[in-house]
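A quick write-up on the structure given underneath.
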Amino acid sequence: TEDEITLFERDMKEFWIQFKISYSTEQINQTSALRDLCKETIEALSEKWSKKLKEQDLMIDKIQEYNNEILQQSKYIAEKEEQLTEIKSKLNQEEEQQKNLTDSIQELKEELMKKMEIKSSKNEAAKEKVERVSKIKTLFTERLGLEMRRIHDEQLQFIFRHIDHKDPDKPYMFTLSINEQGDYEVTSCTPPLDCIAELQLKLRETNNFSAFVANIRKAFTALSYK
């Protein structure tokens with residue numbers, strides 16, 4: 001009947017209203033619970049990530065500190081390497097100077113040895129010449145009235161007598177030495193002879209000492225008649 005239908009519709013309407021109310025309340029409660037869960041989850045994640053971010057900040061600070069230490073160490077090593085390079089350069093220079101000094105000393109030694117050999121050779125030659133002169137001393141003394149004396153600085157003085165027929169004891173003399181070159185050199189002549197330089201040159205060329213002494217005596221004899 002119409003009343004029953006109306007009653008049924010009313011009951012259905014009330015049921016639907018009650019169902020909607022019940023569903024809405026449950027949905028709201030679920031939504032609220034989900035919201036609270038999300039909020040707690042977000043807070044937990046925020047705290048977790050905040051802690052991680054702080055740890056990362058500390059790590060970044062530590063890494064920066066390590067980088068600064070490495071930079072300082074690198075700078076220190078670079079300075080030491082520069083100092084080491086400078087020291088090596090100075091050592092190389094000192095070694096080069098030492099080598100040059102050693103070479104110079106060796107050159108001086110060799111030069112000195114050569115000079116000593118030359119000097120020894122000259123001394124030997126001079127000694128031989130002096131000995132040669134001494135050997136004929138007796139001959140000249142006996143035949144030419146000649147007297148020879150050894151005076152200072154290894155010089156020989158030759159004194160002639162019996163030249164001036166007016167004064168047989170009057171001395172005519174000259175002094176002879178061996179110079180640094182090993183040559184004969186007349187250092188004095190009394191009375192002076194104009195030809196002494198020529199006779200000295202001839203003696204050096206021929207090395208004929210006997211003829212040299214004889215020629216000087218002749219020159220003194222010729223001078224005595226002037």
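Take the conditions (1) closer than 21 Å to Thr221 by Cβ; (2) surrounded by 17 or more Cβ atoms within 10 Å (Cβ to Cβ); (3) modelled with pLDDT under 85; Ala126 misses just one of them, which is (1). Condition test on Lys218, is it in the same structural domain as Met116 (by the TED database) and either at pLDDT below 90 or out of contact with any Lys or Arg (no Cβ under 6 Å at 6 or more places or on another chain) (or both)? For Lys218, the condition - in the same structural domain as Met116 (by the TED database) and either at pLDDT below 90 or out of contact with any Lys or Arg (no Cβ under 6 Å at 6 or more places or on another chain) (or both) - is not met.
Please return the ranges of strands (runs of 3 or more DSSP E) entirely within the range 142-202 where 2 or more residues are of a type in the set (D, E, K, R) and open to solvent by 70 Å² or more (accessible area, probe 1.4 Å). Write out each step before concluding.
Working: elements: 146-151, 155-160, 172-178, 184-190.
Those strands (runs of 3 or more DSSP E) span 146-151.
When the range 155-210 is filtered for residues that are under 18 Å from Tyr225 (Cβ atoms) and in contact (Cβ under 8 Å) with a residue 60 or more places away in the chain, the ones remaining, listed by number, are Phe160, Ile163, Asp164.
One residue stands out in the range 1-22 among those that are surrounded by 10 or more Cβ atoms within 10 Å (Cβ to Cβ) and aliphatic (A, V, I, L, M): the one that is modelled with the lowest pLDDT, namely Ile21.
The values are calculated or read from the model by the stated rules, or taken from the named source; none is laboratory data. Since we're looking at a predicted model, the values are computed, not measured. Every residue, glycine among them, receives a Cβ derived from its backbone with ideal geometry; neighbour counts consider all protein chains shown. Heavy atoms of the whole protein, side chains included, go into the accessibility calculation; ligands, DNA and RNA do not. Shrake-Rupley method; radii C 1.70, N 1.55, O 1.52, S 1.80 Å.
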